[in-house]
Amino acid sequence: MQQSALPEVDFQLEIMGEPCPYPAVATLEAMSQLAVGQVLEVVTDCLQSINNIPLDAKNHGYQVLALTQQGPLVRFLLRK
């Protein structure tokens, strides 16, 4: 993965040990606080989020810039 191609992260949200749908709900709450163009990094260990967060982001008009999984951790970069 080319790190140089990814934008700088404006805010980070770590959600560990929480079952779905909490990570997706918390992500949408955080995204609503951002200014247009800002980037949120979300790190979670809820594997169902691989489906939920990108779908919710798209439905709210946000852009999924990256989705990576390393072991039990899933990392998302989202732009408002």
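The values are calculated or read from the model by the stated rules, or taken from the named source; none is laboratory data. Worth saying up front: this structure is predicted, and the values here are computed from it rather than measured. Here the Cβ positions follow ideal geometry from the backbone for every residue, glycine too, while neighbour counts run over all protein chains shown. These area figures cover heavy atoms from the full protein model, side chains too; ligands, DNA and RNA do not enter into them. Shrake-Rupley method; radii C 1.70, N 1.55, O 1.52, S 1.80 Å.
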Item to complete: Could you size up the charge dipole of region 1-63 around its Cα centre, putting +1 on the beta carbon of Lys and Arg and -1 on that of Asp and Glu, and report it in debye to the nearest 20?
Response: 220
Discussion item. Please list 3J(HN,Hα) in residue order for region 58-75, calculated via the Karplus relation 6.51 cos²θ - 1.76 cosθ + 1.60 where θ = phi - 60°; whole Hz, with x for glycine and proline.
Written reply: 4, 5, 9, x, 8, 9, 8, 8, 7, 9, 10, 10, 10, x, x, 9, 10, 10
Item to complete: Grab the other residues whose beta carbon is less than 13 angstrom from that of R75, score K and R as +1, D and E as -1, and report the net.
Response: -3
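As a check on your grasp of the helix formula, calculate [θ] at 222 nm for the chain: sum -39500 (n - 2.57) over DSSP H runs of n ≥ 4, divide by the residue count, round to the nearest 500. List each step's numbers first, then the result.
Values: 2 runs with 23 residues, N = 80.
Computed ellipticity for the chain at 222 nm equals -9000 deg cm²/dmol.
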Response to the item:
Taking every DSSP bridge whose two residues both lie in the chain, the antiparallel percent to the nearest 5 is 70
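Quick check for you: with a 1.4 Å probe and neighbouring chains kept, what is the accessible area per residue of the chain, in Å²?
Working: 4890 Å² over 80 residues.
Value returned for the chain: 61 Å² of accessible area per residue.
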Worksheet item: Within the accessible area of the chain, what % is carbon and sulfur when the probe is 1.4 Å and the other protein chains stay in place?
Response: 50
